[in-house]
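Novice: For reference, the structure I am asking about is given below.
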Protein chains: 2
Amino acid sequence: MSSSVAEEKHRTDSANILLFIALLLLTIFTIWLLKRKRIRFLHETGLAIVYGLIIGAVIKYTNYNSSGRIHYLNMTSTNETPDVVVLTVDNSNFTYTKQVSTCQQLHQDEELQKITFDPEFFFNILLPPIIFYAGYSLKKRHFFRNIGSILTFAFIGTLVSAVVIGGITYGFVLIHKSLYEPNFAFGFIDCLLFGAIVSATDPVTVLAVFKELKVDVDLDALLFGESVLNDAVAIVLVSAIKKYQSATSAAFDSGAFFASLGSFIGVFLGSFVIGGLASIITALIFKFTKIGEFPILETSIFFLMSWASFLIAEALSLTGIVTVLFCGITQAHYTYNNLSAESKGRTRQLFELLNFLAENFIFSYMGISMFTYSHHKFNAIFIVGAFIAVIVSRACNIYPLSFLLNLGRKKKIPYNMQHMMMFAGLRGAIAFTLAIRTTCTEGEQMIFTTVLLIVFTTVWVLGGGTTQMLTWLNIKVGVDPDAAIPQESDNNTSTNNSDVSNAPTRHKYADSAWMFKNWYKFDQYYLKPILTHAGPPLTNTLPGCCYPLAKCLTSPHAYASSIENDSDTDFILNDDVAFGNQNQTNPPTLPPSGGATNMTEVKLEAVPQVAGDASNDITKRDANSAKNDVTVASEDVTITRPSGPSLFSSIHHEMAVEMEPVGKKEAKNQV
Amino acid sequence: MSSSVAEEKHRTDSANILLFIALLLLTIFTIWLLKRKRIRFLHETGLAIVYGLIIGAVIKYTNYNSSGRIHYLNMTSTNETPDVVVLTVDNSNFTYTKQVSTCQQLHQDEELQKITFDPEFFFNILLPPIIFYAGYSLKKRHFFRNIGSILTFAFIGTLVSAVVIGGITYGFVLIHKSLYEPNFAFGFIDCLLFGAIVSATDPVTVLAVFKELKVDVDLDALLFGESVLNDAVAIVLVSAIKKYQSATSAAFDSGAFFASLGSFIGVFLGSFVIGGLASIITALIFKFTKIGEFPILETSIFFLMSWASFLIAEALSLTGIVTVLFCGITQAHYTYNNLSAESKGRTRQLFELLNFLAENFIFSYMGISMFTYSHHKFNAIFIVGAFIAVIVSRACNIYPLSFLLNLGRKKKIPYNMQHMMMFAGLRGAIAFTLAIRTTCTEGEQMIFTTVLLIVFTTVWVLGGGTTQMLTWLNIKVGVDPDAAIPQESDNNTSTNNSDVSNAPTRHKYADSAWMFKNWYKFDQYYLKPILTHAGPPLTNTLPGCCYPLAKCLTSPHAYASSIENDSDTDFILNDDVAFGNQNQTNPPTLPPSGGATNMTEVKLEAVPQVAGDASNDITKRDANSAKNDVTVASEDVTITRPSGPSLFSSIHHEMAVEMEPVGKKEAKNQV
């Protein structure tokens, strides 16, 4: 009877999931023991692989699951393949639905039911929460201080890495061809595909050690930022290369190349726009409604909107994962500030849990699939080539780019940091997911096998050696991320790493590229005030002609504090004020004060207790200095302003000169 | 190319999920507006149905999804059906996997791809978190005060309800047969199945109103407890009836009947044991390790263990949902007390969110499936009969059982409460899930259609009328659940509902059945101290011969407080002490003090600040009176005890007589 078949299948499914739960529990317990004993050479992901390998071996050699029966049928006279086949066996009907697969060939023939998950399960269910959490938990302040370098490493570095790996492995493929298989079907584009897949770094182990040891914040930000963004680059690159591959079978096809390039850029922009839009809508909803009174509703909306961004991108044939990454970053940057305190905790904890479970599941599955996947292709020459390529490509990525970046960076990336970044080139969940997604051809199977080996080796060897490497490279640990900057400025010589602290400035931010600074100011003066409750009020920053709109969009909270003391932005602004005189007068993206005729009177009312805090705040300015409502807090100041921006710039400048009388300075700054 | 088919399917899937997300978002916003305006006539679930209906109609009449192509093949000469069919069309292979379905017939022929989910998806993915949350959020104290009545309503009431509904609808089926279709294939067992399915009440709407209005706690506990437990009864009953149905096709078959009865009891016990075991293991892990230092690990273990209980039950062919319910109740009762403060919040919030999303999803889906499900069977006579049966059966459940229970209850269930319980017989997610699980035959399709209509009507009419009904029945609202009991005792006459407060006792608990009291004491003196950090120390309560084991199992915290002041148990104990003299001397399930020769000296050390709180605590005893560490806290008392239980009973009794000297009373209580 077919209902008993259904029950049997359900039981097997339950037992399979149970196996993974048991594996996760085992990993969690062991990792807890290691954490208690402060053993850092094995991270939970490395351990999950080990347990996965053990269970995989047990499954393989105990014949845990039986195989299914296959029936081959030929059908010739239809012009379209059916979606459903109904088979009548002894007067019973059995329904068969089409297995939607990217492979044309069936290759799971003999071992059909061995624990395998649909590769799309990883891409559509497990990876999104991991990637979203990465974006959502970016340490914003230090990330944005290094944004230029991070983007350089992520974009140019990943491209360099993919090309270098592609080139080197192609050399080894040629050796293999000349020695053994002249007809080995693996061309340069396949090598490039491998290069793109394996260029997604995932230093989760390293970052966990960094967090525990409180490693230098800039190194942490550079590495974390690079790994988060280069996932996006690698994913889009892989899909662009596949598009190129499927469009052409000949040598170089410039049409297909430009189509792929267009797809690369288009997917990136599209994903960015959708992820950003989802966040903007969420942020605006939370800003203009009081839905935070019901945290469960607020959290649900947050979760559903973020998930929707993924689905919209997928429905539009963009890359959901990349969308979710941008969505995570922007949700953290804007929406998070509008959430109620409870929802802040809830969303963070929810995604932390999802991330933790999904990540460990993937690493367990990697271990298991080393044994249960029945089409591994071990090609010794390719594997050797791949390992060499991974090392060389990382060097070609980090050292030249660091050299170039150091030319422009105020705070140089010292050599020991470069070595550490070189060392932290681990591969993980993304590379695995990209590799397992298509394993139809022999070449793709070889890629999958090689990626597995690279992930295992890097996670165990590099992940395990992190603490040791930090000691060898003499990298600062025990840094309080919040106090790091003022500490450096107060006693420049006392830091034990002279490379890091020889920058001459007081508040320094690492990148000084003007594009980022300008973007940041635009964000600070317009986007944040529009999307969150943060100040400065738009009525001050927008030109006078937009006054009704500005008044409508500005949150009442914004009037209380003209610049929000959100911790991620203050450094850039301070830096500006303290020693960046060239940028100081006006928010640079402001329109010229054309509407100078309409005079607006703005009264900044001082709240008494704010004034009382003023002296404290001033002394604490180094640590968290953006509370510049203080500068005008001690008395009611009525300022007549001729145009939009100048009032703000005067207040802004006021902060820089540390509470000199308002009127005196103001005259100077009038445009 | 097949990869584009895969992409196309993926896009459609994404769009379908997106549709539900949009629906959920819409529901959330509307419900927020209603909450803000304090409109209570429409609960989120009712609203989800409305929106679902609208979207369902749009899908149906706009031909949103296209149908698939079906190919019929005949296969005769095999003795077993294959698991996979490979179809070769023009030299391309396409894989078809067997659709595992309980139906032998394919009935989704023409409208294959209209948004439908596998019914098992509800049973295995959506329902478990809902049911677990119901168990996990039981208001323990008031639940256990009424445990006897709740169990009566849940077990006997549900059975009565199923039989009455079965009988009445069978009458209507006979009318239908005599009037229209003499061959209508719908027998008494089918009616009984319908009765079991529709006996699962789900007064989520009513309870939401109760919570908001702070309705009388006993009414709330009775209704919530009944609805939670009767789900389990209905689910197991349905599977037992199905088992009976599949075993026999003739009239009454006593063998099959007893097999079904055995399965009913076996599934219940099995589920109870597995759910309980999962909780016990989790509780012990958290008690004896300090894994709470890492809340993410703790929360993960909690989540995985609870999920594992579901999967174990399913793998063993028991009912995972029932297991998960018991697991939820016991996790709340034991494990919750061992969790770190952060994990308490995390687990609650996590399951609250899952519950919220899953519940609203199911109700939306109900609305949608009213239109998109293409095999509705509307049978007017059956539907009329079903509605009458639902009303009559509820009356046959509530009134006679209340009458019988009132004979034994100290605190009677007044008539207005009975009317309210009668009124609150809403049907919801469980009935729907049970009905949609098998819709192969015409009879099952008729059941499904009728259940949908009953759910809609009860949710809208009864759910919407809750507030009005509370007013009409003059039921107390605005009751502080914690202060409710002392309030009653302090001014017995001031309560506006004389029915409720005419019980003569001071601390009263509603049920006085001895079995529950004894179980409760066993739980309090042995299970809780073994599984949690709560007191009394096992070294006191267990017989002397078990001393090493007891010492090993007792938490250091237990010595500090001899009875834990966990809020769910104090009433029963107090009650015992204050006026239940017959049960007072010893924990009744204790073994006779055989090992009386080994004298154990136990020193109860008083912590100074606890002593300082003593006077306060005594005066506050009515509200939360189990802080009986206080009774021995003001001085160091060294007690020589001859046998296990007597020390405890003396301390216990001490509490009752409000701090009389220890020595005087102790002599009395020696066995």
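Novice: Net charge near B:Val477: determine it from the other residues with C-beta under 10 Å of the C-beta of B:Val477, scoring Lys and Arg +1 and Asp and Glu -1.
Specialist: Local charge sum for B:Val477: 0.
Novice: Using amide H atoms built in the peptide plane, which far-off residues or other-chain residues are under 5 Å from A:Arg427 H to H?
Specialist: So A:Arg427 has HN proximity to A:Asp202, A:Thr458, A:Val459.
Novice: In addition: Around B:Ile436, under 11 Å between beta carbons, what's the net of Lys plus Arg minus Asp minus Glu among the other residues?
Specialist: Values: positive: B:Arg437; negative: B:Asp118, B:Glu120, B:Glu444.
Overall, the nearby charge balance is -2.
Novice: In whole Å, largest first, what are the principal axis extents of the Cα atoms in segment A:238-338?
Specialist: 61, 17, 15
Novice: Ignoring ligands, DNA and RNA, how do B:Lys37, B:Lys287 rank by accessible area with a 1.4 Å probe, largest first?
Specialist: Accessible-area ranking of B:Lys37, B:Lys287, largest first: B:Lys37, B:Lys287.
Novice: Provide a whole-number value for the mean count of partner chain Cβ atoms within 10 Å of the Cβ atoms in peptide B:17-23. Mind showing how you got there, number by number?
Specialist: Numbers: counts 7, 7, 1, 2, 8, 3, 1.
Per residue, the average neighbour count from other chains is 4.
Novice: Counting partner chain Cβ atoms within 10 Å of every residue's Cβ in B:291-300, what's the average?
Specialist: 5
Novice: Could you sort B:Arg437, B:Arg38 by accessible area so the largest value comes first, with the probe set to 1.4 Å?
Specialist: Values: B:Arg437 70, B:Arg38 160 Å².
The residues order as B:Arg38, B:Arg437, largest area first.
Novice: Please work out how much accessible surface B:Met469 shows to a 1.4 Å probe, ignoring ligands, DNA and RNA, in Å² rounded to 10.
Specialist: We get 40 Å² for B:Met469.
Novice: R0 = 56 Å: FRET efficiency of B:Phe155 with A:Leu269, Cβ-based, nearest 0.05?
Specialist: Calculated value: 0.35.
Novice: Hey, rough spin-label estimate for B:Ala208 and A:Cys545, points 7 angstrom out along Cα→Cβ, what's it come to in nanometres?
Specialist: The two pseudo-label positions are separated by 4.8 nm.
Novice: Of the listed pairs B:Lys211/B:Lys411; A:Lys410/A:Lys517; B:Lys177/B:Lys243; B:Lys287/B:Lys521; A:Lys344/B:Lys290, which have alpha-carbon separations greater than 18 Å here?
Specialist: B:Lys211/B:Lys411; B:Lys177/B:Lys243; B:Lys287/B:Lys521; A:Lys344/B:Lys290
Novice: OK, next. Using a 1.4 angstrom probe on the protein heavy atoms only, could you order A:Tyr415, A:Tyr365 from most to least accessible area?
Specialist: So, going from the largest accessible area down, we get A:Tyr415, A:Tyr365.
Novice: Hey, for A:Ser178 with labels 7 Å out along Cα-Cβ, what do the inter-copy distances come to in nm, ordered shortest first?
Specialist: When each copy's label point is compared with this one, the spacings are 9.7 nm.
Novice: Now, a different point. Just checking the output field for A:308-316: average partner chain Cβ neighbours within 10 Å of each residue's Cβ?
Specialist: Taking all residues of A:308-316 together, the mean is 5.
Novice: Largest first and to the nearest Å, give the Cα extent of segment A:345-443 along each principal axis.
Specialist: Here the spans come out as 51, 49, 20 Å, largest first.
Novice: Apply 1/(1 + (r/R0)^6) to the Cβ-Cβ distance of A:Val58 and A:Arg348, taking R0 = 41 Å, and write down the FRET efficiency to the nearest 0.05. Intermediate results must be reported in sequence, preceding the final value.
Specialist: Working: r = 37 Å, r/R0 = 0.90.
For R0 = 41 Å, the calculated efficiency reads 0.65.
Novice: Hey, how much of the P(r) for segment A:400-455 falls beyond 17 Å, as a percent of Cα pairs?
Specialist: 55
The values are calculated or read from the model by the stated rules, or taken from the named source; none is laboratory data. What you are looking at is a predicted structure, and each value in this text was computed from that prediction instead of being measured. Heads up, the Cβs are rebuilt from the backbone with ideal geometry, glycines too, and the neighbour counts pull from every protein chain shown. To get the accessible areas, we keep the full protein, side chains included, count just its heavy atoms, and leave off ligands, DNA and RNA. Shrake-Rupley method; radii C 1.70, N 1.55, O 1.52, S 1.80 Å.
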